[in-house]
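S.K.: Please see the structure below; I have some questions.
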Amino acid sequence: MARGRVKRMVKLNMRFTHFQLPPIQDALIIGKKAPVGPNSVARAFQAMVPGVYRLIHVEHPTIEAVLVRESDLRKVPQKILVPYLLQQAEAIMDETDALHVSLNIEIIVEGTEFELP
C-alpha cells in the first residue's frame, strides 16, 4: 500500500473591533466562582462610568450577581428582568463563568389618542 503525502491546513478567522468603555453593553452575569468578583467589577464600572450600572446580588446555586444597566431597569423592572436573565443564563453557564449580555428592548405604545389642531 502506497503512502500518500498528508496535507494539513489551518483556517484562521479574525475580527477586530474598537475597544469600548464600558466593556459590557447591557448586563454582566457573574458566577459564584468567576475569576472576577461582583463587588470589584461594580467598583471598577462605578469609576469608569458612574451611575450607569446597578449591582444586584441574587440567591442562586450558580450565579452570584448581575450587573445591569440602570436605563434598562427603567424600561423593564428589576423583578421581571433579573429572574428572566437568570433563567436563560443558568442553562448555559457554570459557577466559573461571567457572561456578557446584550439586550434589545423595544417599547411599543398603542392606543394613544390625541386631537390635531
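Read the figures in this text as sums done on the coordinates, not as results from a lab. Computed from a predicted model, the values in this text were never measured in an experiment. Cβ sites come from the backbone with ideal geometry, for glycine too, and all protein chains shown count toward neighbours.
S.K.: Pick out, in residue order, every one of the chymotrypsin sites (Phe, Trp or Tyr not before Pro) in the stretch 1-96 that is DSSP loop and has at most 16 other C-beta atoms within 10 Å; say none if there are none. Don't skip to the answer; put the middle values down first.
M.R.: Numbers: sites: F16, F19, F45, Y53, Y84; in loops: F16, F19.
Sparse-neighbourhood loop chymotrypsin sites (Phe, Trp or Tyr not before Pro): F16, F19.
S.K.: On to the next question. Once the dipole of the chain is set up with Lys and Arg at +1 and Asp and Glu at -1 on Cβ about the Cα centre, which of V6, L55, M93 lies farthest towards its positive end?
M.R.: V6
S.K.: Where the only charges are on Cβ atoms (+1 Lys, Arg; -1 Asp, Glu), what is the dipole of the chain about its Cα centre, to the nearest 20 debye?
M.R.: The dipole magnitude comes to about 1280 debye.
S.K.: When a/c is below 1.5 the answer is rounded, else prolate if a/b is larger than b/c, else oblate, so apply that to the stretch 27-101 with a ≥ b ≥ c taken from the square roots of the Cα gyration tensor eigenvalues.
M.R.: It comes out oblate by the Cα gyration axes.
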